[in-house]
Structures are given as structure tokens and as C-alpha cells.
Amino acid sequence: MSTREHDDIFEAAIRILLEEDRCVTVGFSPDGVSIRFPTTRKLAEFLSIPHYYVLPRFGAMEDDGLIRRAERVGISTTAAGTVRLLAVMAERYHNRAEEVLGTEVFSALQARAGARLDG
């Protein structure tokens, strides 16, 4: 699948993070920036689909190098996934992202992730 084919999952995750939870958990490592995804169950509930429909999508996203899943830890973006998530966030939810993260933090995340996009 192409990166853009996963945008509906990215968009659902962004809406949960920015509109429902109003909290974004960010990790920094030498490999880059990662953003914690909502649980698969929460995404399925948000999308009004059975949980077992979401699982193969996450498998495809993992195969495409956009996320990593760790047992009992959760799901987070890879460097490439962070770039895509921030791109969708900047394109469709720029104001909300700045409201939750702050303008400076949002800009710094984009710069650090190599996803400098102006919304």
C-alpha cells in the first residue's frame, strides 16, 4: 500500500489525539521522532468498525514501515510514519495541532521529523 492509502487511519488517530484526548505523546531517539498512536480498539470504536477490521490495516502499516507495535507497550510511528502523520496534521488539523501542542512545539516537531510543512 502507498503511504497515502493509510491516511484514513492517520486522520482517525489525529482526531482522537487532538479532539478527544487533547494529548499527544511524543518520543525522541537517535532514530527520530515517534508519536504514540491510540489503541487499535479505540480506533475501531472511533471508526465504528469491528476491532478485527483494524488489525490487518495496522499490519499493513507496519509492513510499510510507518508504525511499530510492541507487546504491552503500544503502537507508535516510525520516523517515516511521523513525517506522514505530521503532514496530515498540518494539512487538515493545523489550528487544532497548534492549540494542543503550541505553535513552537508543532513547528519544532515538524523540523525535527524532517516534515517542515506550513498549513
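What follows is calculated from the coordinates using simple rules that are stated; it is not laboratory data. Source: prediction; values computed, not measured. With ideal geometry, Cβ positions are generated from the backbone for all residues, glycine too; neighbour counts draw on all protein chains shown.
Annotations
- Mean ellipticity per residue at 222 nm, deg cm²/dmol - from DSSP H runs of n ≥ 4 across the chain, formula -39500 (n - 2.57): -16000 deg cm²/dmol
- Sequence-separation-based contact order of segment 23-85, relative, with Cα cut under 8 Å and 6+ spacing, percent: 34 percent
- Fewest-first sequence of TYR93, TYR53 by Cβ atoms within 10 Å of each Cβ: TYR53, TYR93
- As a proxy for reagent exposure, LEU55, LEU109 were ordered by neighbouring Cβ count within 10 angstrom, fewest first; the result is LEU55, LEU109.
- Counting every other Cβ atom within 10 Å of each residue's Cβ, SER29, SER76 order from fewest to most as SER29, SER76.
- Which labelled figure in (i) 28, 17, 11; (ii) 21, 16, 13; (iii) 17, 17, 14 is semi-axes √(5λ) of the Cα gyration tensor in Å, once derived from the coordinates: (ii)
- For segment 3-113, relative contact order (Cα pairs under 8 Å, six or more residues apart, normalised by length) works out to 29 percent.
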